[in-house]
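Worksheet: the structure to be examined is printed underneath.
The values are calculated or read from the model by the stated rules, or taken from the named source; none is laboratory data. If you're wondering where the values come from, they're calculated on a predicted model, not measured in any experiment. Positions of Cβ are generated from backbone atoms using ideal geometry, with glycine treated the same way; all protein chains shown enter the neighbour counts. In case anyone asks, the SASA skips ligands and DNA or RNA and just uses the protein heavy atoms, side chains included. Shrake-Rupley method; radii C 1.70, N 1.55, O 1.52, S 1.80 Å.
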Amino acid sequence: MTKTTTTDSQSQNLGDMPTNDFRRHTHQFVDWIADYFENIEQHAVLPDVAPGEIRAKIPTAPPLSGEPMENILPDVDRLIMPGMTHWNHPNFFAYFAITGSGPGLLGELLSGAFNINGMLWKTCPSATELEQVTMDWLRQMIGLPNNFAGIIYDTASISSLHAVAAAREQLTDLRIREEGLAGRADVPRLRLYISEQTHSSIEKAAIALGLGIAGVRQIPTDENFRMSSGALAEAIAEDRRRGWRPFCVVATVGTTSTTSIDPVPAIADICARENLWLHVDAAYGGAAAVVPEMRHLFDGCDRADSIVMNPHKWLFVPFDFSALYTRKPEVLRRAFSLVPEYLRTSQDNQVENLMDYGLQLGRRFRALKLWFVLRYFGWDGLAARIRAHIRLAQQFAGWVDSHPDFERMAPAPFSTVCFRAHPKTIEVEKLNLLNEQLLEAVNATREIFLSHTKLREQYVLRLAIGNLRTEERHVRRAWEIIQRQLEEIRLE
Ligand code: PLP
């Protein structure tokens, strides 16, 4: 393809792209995106590229002169599309399958256009106030009481980091904010409790907050991968005897591997008795709380000190968007508020400045995309979609359960199913290898994408449903492919 070179007017213009050009290109881009959505099934869900292949096609030197957009858009097709894993694809069943949505994307576009920095109320009153209102809508939708305040971060990892920092800040006698932790003989070792199924983000938070990996104690889980509350109580008692200072427990509603649900009411009792901060990680599962008949899975969450859920996982808000709720916003504020002179405003006594509630100063206008999604789909519409995903997952679980060569490896309370092939003629020691080969073969078709985990040393396949485009025919097709690939491996 011949490249158009920079026009004279482009090189002489010292401002932005002229608005007429912007209008023209945006229409073109939006058409491209709509076609992409419409024809998503013509793409393989997984790309067929070797490491380094995409990079090798892109110049290593930066462009010296500007290029017209006419040159750039075709390069998305030529250079970028070949290396795309299509998370928008209805056959994406790996990890936690997520989708953005039309209204969410429009919110994202508008937020990009405004390009505000919502660090202070004054730097964009609409961003602060829409965040407060939409986070309160979401709070009502997931059934948290009105003494919870919400704040938006980018990811659950960062939300949980802030929650653990607040838990640490609650130990006011240790003056950690003022004195730090390093080199202090007067501070006991702090202990945070998780289960062996907890997401790695909590250990990362412990690393970042100076607790170290040793400051995190993993509690065993029961046969359904739920934290044992008895073992938790014993571990806390033992740690206290040995001079540790327990300060926080992280329970999960919807663990990453199996979507198991920790016994939050029992854990909340322990936290109340022991005066520990309870953080609930409902990054994935939390979205299901908008479905009234699923609400019981969240019993006890109203007693948490903080809870995170990710609208970008299963509430159709485009990545990234994580919602942290806390009953103790003042503790979170105490942990992070530090206001230099140049950020003081005359409204400081009347408003919330959201920079006070986190590590980052600058904040995107993320609330717009949540606002659009909540208004466009409505509470009912969101609940109906999540309910449909749960129904499809239960259907898949039923097919696994009734097939003689497959077995389910964990309960499936949400829309993720853990299973493996287990033909009766194969020795148990060979099952891990067989399932590893099965996953390889299934994904090598590039027609569907599944991921795996290990549960008690057993290699397990995971099928997660969370995509707005996934229908029953896609799940049926996935099941056909899985069965066919197993047959082919066994014939080899
Ligand atoms: N918590 C749980 C339970 C998760 O499953 C995940 C990711 O899948 C996370 C936290 C981390 O999410 P994020 O990518 O938003 O940091």
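Take residue 327 and tell me if it is open to solvent by 10 Å² or more (accessible area, probe 1.4 Å), in contact (Cβ under 8 Å) with a residue 60 or more places away in the chain and away from the ligand (no atom under 16 Å from the Cβ).
Yes; evaluated as a whole, the condition is true for this residue.
Out of everything in region 452-475 that is over 23 Å from the mean Cα position of the chain (by Cα) and within 20 Å of residue 409 (Cα to Cα), what residue ends up being surrounded by the most Cβ atoms within 10 Å (Cβ to Cβ)?
459
If you take the residues in region 422-464 that are in a helix (DSSP H, G or I), out of contact with any strand residue (DSSP E or B) (no Cβ under 7 Å at 6 or more places or on another chain) and not hydrophobic (A, V, I, L, M, F, W, C), which one is nearest to residue 91 (Cα to Cα)?
It comes out as 440.
So which residues in region 330-345 are open to solvent by 50 Å² or more (accessible area, probe 1.4 Å) and in contact (Cβ under 8 Å) with a residue 60 or more places away in the chain, if there are any at all?
Answer for region 330-345, where residues must be open to solvent by 50 Å² or more (accessible area, probe 1.4 Å) and in contact (Cβ under 8 Å) with a residue 60 or more places away in the chain: just 334.
Tally the residues that are of a type in the set (A, V, I, L, M, F, W, C), free of Cβ contacts under 8 Å to residues at least 12 places away in the same chain and away from the ligand (no atom under 15 Å from the Cβ), restricting the search to region 200-218.
Going through region 200-218 one residue at a time, the tally reaches 1.
Here are some residues: 123, 128. Which one is over 22 Å from the mean Cα position of the chain (by Cα), open to solvent by 20 Å² or more (accessible area, probe 1.4 Å) and among the β-branched types (Val, Ile, Thr)?
Being over 22 Å from the mean Cα position of the chain (by Cα), open to solvent by 20 Å² or more (accessible area, probe 1.4 Å) and among the β-branched types (Val, Ile, Thr) holds for just one of 123, 128, which is 123.
Quick one: would you say residue 184 is more than 16 Å from the ligand (Cβ to nearest atom) and over 27 Å from residue 255 (Cβ atoms)?
For residue 184, the condition - more than 16 Å from the ligand (Cβ to nearest atom) and over 27 Å from residue 255 (Cβ atoms) - is met.
Cβ-Cβ under 7 Å, sequence separation 6+ or interchain: first residue in region 93-107 and farther than 18 Å from residue 370 by Cβ, partner charged (D, E, K, R). Which pairs?
Listed by first residue and then by second, the contacts come to 96/313.
Report, by residue number, each residue of region 185-196 that is farther than 24 Å from residue 268 by Cβ and either open to solvent by 50 Å² or more (accessible area, probe 1.4 Å) or assigned to a strand (DSSP E or B) (or both).
185, 186, 189
So that you can scan it fast, the table gives a plain yes or no per residue for (1) surrounded by 14 or more Cβ atoms within 10 Å (Cβ to Cβ); (2) of a type in the set (Val, Ile, Thr):
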{"site": "36", "(1), (2)": "yes, no"}
{"site": "43", "(1), (2)": "yes, no"}
{"site": "47", "(1), (2)": "yes, no"}
{"site": "52", "(1), (2)": "no, no"}
{"site": "60", "(1), (2)": "no, yes"}
{"site": "67", "(1), (2)": "yes, no"}
{"site": "84", "(1), (2)": "yes, no"}
{"site": "94", "(1), (2)": "yes, no"}
{"site": "101", "(1), (2)": "yes, no"}
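Which of the residues belonging to region 347-387 are part of a helix (DSSP H, G or I), within 11 Å of residue 121 (Cβ to Cβ) and either open to solvent by 50 Å² or more (accessible area, probe 1.4 Å) or not acidic (Asp, Glu) (or both)?
354, 355, listed by residue number.
Any idea which of 349, 353 is in contact with a Leu (Cβ under 7 Å, 6 or more places away or on another chain) and more than 26 Å from residue 296 (Cα to Cα)?
Step by step, each of 349, 353 is checked, and only 353 is in contact with a Leu (Cβ under 7 Å, 6 or more places away or on another chain) and more than 26 Å from residue 296 (Cα to Cα).
Tell me which of these residue 138 doesn't satisfy, since it passes every other one: (1) in contact (Cβ under 8 Å) with a residue 24 or more places away in the chain; (2) not acidic (Asp, Glu); (3) not assigned by TED's automatic domain parsing to the domain that holds residue 255.
Single failed check for residue 138: (3).
If I filter region 27-72 down to residues being β-branched (Val, Ile, Thr) and free of Cβ contacts under 8 Å to residues at least 40 places away in the same chain, which single residue comes out as farthest from residue 98 (Cα to Cα)?
Result: 60.
Please work out which residue is nearest to the ligand (Cβ to nearest atom), limiting yourself to region 140-165 and to residues that are open to solvent by 40 Å² or more (accessible area, probe 1.4 Å) and part of a helix (DSSP H, G or I).
Checking each candidate, the answer is 157.
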